[in-house]
1. What pairs come up if the first residue lies in the stretch B:193-220 and is touching a residue at least 40 places away in the same chain (Cβ under 8 Å) and closer than 11 Å to B:Thr235 by Cβ, the second is of a type in the set (Asp, Glu) and surrounded by fewer than 19 Cβ atoms within 10 Å (Cβ to Cβ), and their beta carbons are under 8 Å apart, counting only those six or more places apart or on different chains?
2. Could you check the stretch B:231-262 and list, in sequence order, the residues that are assigned to a strand (DSSP E or B) and either β-branched (Val, Ile, Thr) or under 15 Å from B:Val179 (Cβ atoms) (or both)?
3. Of all residues in the stretch B:263-284 being assigned to a loop (DSSP other than H, G, I, E, B) and surrounded by 15 or more Cβ atoms within 10 Å (Cβ to Cβ), which is modelled with the lowest pLDDT?
4. Yes or no: A:Ala118 more than 12 Å from the chain's Cα centre (by Cα) and assigned to a helix (DSSP H, G or I)?
5. From B:Gln156, B:Gln195, B:Gln180, which residue is within 14 Å of another protein chain (Cβ to nearest Cβ) and assigned to a strand (DSSP E or B)?
6. Quick check, is B:Gly56 more than 7 Å from chain A (Cβ to nearest Cβ) and within 26 Å of B:Ser165 (Cβ to Cβ)?
7. With respect to B:Val87, determine if the residue is at pLDDT 85 or above, assigned to a helix (DSSP H, G or I) and under 26 Å from the mean Cα position of the chain (by Cα).
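The values are calculated or read from the model by the stated rules, or taken from the named source; none is laboratory data. Note that the structure is predicted; figures quoted are calculated from it, not measured. Backbone-built Cβ (ideal geometry, glycine too); neighbour counts: all protein chains shown.
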Amino acid sequence: MISDRPAGTGVIIVTLLLAALLEVIPLPASIDWVRPEWMLLVLVYWVLSLPHRIGVLWGFFVGLYHDVLVGTTLGQWGLATALGAFVMLAAYKRMRVFTALQQCAVVFLLVGTVSLLAFLVQESVGRTLYPPYTILYSSVTSALLWRPVCAALRWVQLRFLVR
Amino acid sequence: MVAPAKPSYRLIIALVLAVVMMVLDQRTPWAAPVRHALGYLTAPIHYLAHLPVDSGEWLSEQTQSRGTLLDENRRLQRQALILEQKVQRLAVLEAENVRLRELLNSSADLDANVLVAEIIGVDPDPNRQEIVINKGAGDNVSRGQAVLDSQGLIGQVVDAGPLSSRVLLITDASHAMSVQVNRNGVRAVLAGVGQSSGLKLLYVPDTADIQEGDLLVSTGLGQLYPRGYPVASVTSVNHQAGTPFAHIAARPTAQLDRASHVLLVQPTQTPVRAPTPAEADNDQ
């Protein structure tokens, strides 16, 4: 019998740190617009596959880490990502039976909503320059990359027996 | 088995924590320890992201031909000779300047210490113009320090983490500083527009004597930037009838999007206070 004792927390953290690396890796300025929200994508995967372990507080701390990494107001991404994790916790059963296209649509809406929340906070401290529709670009690429990210993390999960 | 706390309670806790942190971060310095502690975990990511650039440079250094190195060596020697000649004159001028300033009873300019740092990251958010450098609070970097490259001012340290620091560039849309025209001393406020090559002068009357090509240098007003470093050169001056101020665009003299190393200016001592008029009268 397979025990349901949690295992592989380190693997989850490493995947999140790899996502953090992708968030700050230097790219040409024109591609910066479409840089997907890597950390959010990875977090969403772990929430969907381990909803009993990875939830709102993980979302909050991942967001807080994101804040320090990119130098935004502390709590800006913390708030947004915690809310994103909450929404995924509420919807994980449905997400599991959705088709690939439906999943991508949900990820698009989720990334868009979370980024919009972060944008609102950034706007309120006066650090935005471009109009809010610019977050649509990264939401679209995040949705397009959802399936590949999902497949890669599924492999990691099976390979390292994360549960 | 104990039933786990409902996600909605956790969400409320997280939201309250986030809002409290945002307010503390914006209004007080009390959130700094959290940022500092997390800085130990985020700095390695920045270093790692910079690794491909570093190793690429190392590789091209290792594989350069002897001829190229000799050429470079010759070029650098010539450059050093020219710079040495300029420095000879500088020493005399500096001494003369100090004497004249003493005659005028004004405070002396102090030589500042500099610390060399490498740029290891650029902010991925197009809304902000910030860079990450590889020196932190451990190297005595502190918030508010001025950052230069070999050509001019780059910006200021806005967050000194334990191992790395964030620098706000002068081109950020939320940045403004006091400058003066080197030619005639006209003062103005230089603000960023959010693009790496764009700056503008704010609230300059149409009659002000500012021309295309003028060099703008820092004034030291505001106590943040050292006085007399080049900041930008004026690229266009537009007088439009019907608008109260002239539209003046400038370009930073520093290579903001190309520099790989920067200098951090460290104020060594508190500057000498200028004498009050009463003290100046007593001296005479």
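1. B:Ser197/B:Asp257
2. So in the stretch B:231-262, the residues assigned to a strand (DSSP E or B) come out as B:231-238, B:245, B:247-252, B:261-262.
Answer for the stretch B:231-262, where residues must be assigned to a strand (DSSP E or B) and either β-branched (Val, Ile, Thr) or under 15 Å from B:Val179 (Cβ atoms) (or both): B:Val231, B:Ala232, B:Ser233, B:Val234, B:Thr235, B:Val237, B:Ile248, B:Ala249, B:Ala250, B:Arg251, B:Pro252, B:Val262.
3. By that ranking, first place goes to B:Pro271.
4. Working: more than 12 Å from the chain's Cα centre (by Cα): yes; assigned to a helix (DSSP H, G or I): yes.
When the stated conditions are applied, A:Ala118 passes them.
5. On the way: B:Gln195 fails: assigned to a strand (DSSP E or B); B:Gln180 fails: within 14 Å of another protein chain (Cβ to nearest Cβ).
Within the list B:Gln156, B:Gln195, B:Gln180, the selection yields B:Gln156.
6. On the way: more than 7 Å from chain A (Cβ to nearest Cβ): yes; within 26 Å of B:Ser165 (Cβ to Cβ): yes.
Against the criterion (more than 7 Å from chain A (Cβ to nearest Cβ) and within 26 Å of B:Ser165 (Cβ to Cβ)), B:Gly56 qualifies.
7. Working: at pLDDT 85 or above: yes; assigned to a helix (DSSP H, G or I): yes; under 26 Å from the mean Cα position of the chain (by Cα): yes.
For B:Val87, the condition - at pLDDT 85 or above, assigned to a helix (DSSP H, G or I) and under 26 Å from the mean Cα position of the chain (by Cα) - is met.
Table: residues versus (1) out of contact with any Gly (no Cβ under 9 Å at 6 or more places or on another chain); (2) touching a residue at least 12 places away in the same chain (Cβ under 8 Å).
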| position | (1), (2) |
| --- | --- |
| A:His52 | yes, no |
| A:Phe60 | no, yes |
| A:His66 | no, yes |
| A:Gly75 | no, yes |
| A:Gly78 | no, yes |
| A:Phe86 | no, yes |
| A:Gly112 | yes, yes |
| A:Phe119 | yes, yes |
| A:Glu123 | yes, no |
